[in-house]
1. For the range 123-133, check the following and say yes or no: at least one residue is out of contact with any helix residue (DSSP H, G or I) (no Cβ under 8 Å at 6 or more places or on another chain), surrounded by fewer than 19 Cβ atoms within 10 Å (Cβ to Cβ) and under 16 Å from Ile89 (Cβ atoms).
2. Restrict the check to the range 100-110 and report whether at least one residue is within 25 Å of Thr140 (Cα to Cα), modelled with pLDDT under 95, open to solvent by less than 60 Å² (accessible area, probe 1.4 Å) and among the basic types (Lys, Arg).
Amino acid sequence: MKKLFIILLCTFSTGLLAKTPATLKYPVDFLFTKVLEKKHQTKNEAIPMPHIYYKSSTPLKQFQDAIEKQWNMRPKVFTNAFAVDNNEIYIMDDASYYEEKKRCMDDSLVHELVHYVQVKYLNWDIHDESLEWDAIEIQTEFREEFCKL
């Protein structure tokens, strides 16, 4: 009986400590459409959509391998990023992060979709610092309009 109690206690405690994944409020297609509108683009079916990976279900090593060459360093932690060569978006999905920052995960994905459009649709150089400001501006506009808490 005591052993069963300890097993149940450990299982319950582990569940409480696990990070709850955030979820998108809107479908990815909606988010992408909003980005295309802001960038004055139309969807080009010939350009493959990026694969989206979420922190809760993606090994850190995969993220590191995908982004190391682009950043000229191997990140120690998982962050939001668009891996140009792999055409992959990596998104943190810790609900507590978005609650603490008073944001929604959708605006993070919008930010990375902006980078995707900048590079794949507009052929801009991902290393141009102005791209980040453009992505932040569109992300902020989206957050103010669609991520009301």
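1. Checked against the condition, which is being out of contact with any helix residue (DSSP H, G or I) (no Cβ under 8 Å at 6 or more places or on another chain), surrounded by fewer than 19 Cβ atoms within 10 Å (Cβ to Cβ) and under 16 Å from Ile89 (Cβ atoms), the range 123-133 yields at least one hit.
2. The answer is yes; a qualifying residue exists.
The values are calculated or read from the model by the stated rules, or taken from the named source; none is laboratory data. As the structure is a computational prediction, the values presented were derived from the model and not from experiment. Please note: Cβ atoms are built from the backbone with ideal geometry, for glycine as well, and neighbour counts cover all protein chains shown. To get the accessible areas, we keep the full protein, side chains included, count just its heavy atoms, and leave off ligands, DNA and RNA. Shrake-Rupley method; radii C 1.70, N 1.55, O 1.52, S 1.80 Å.
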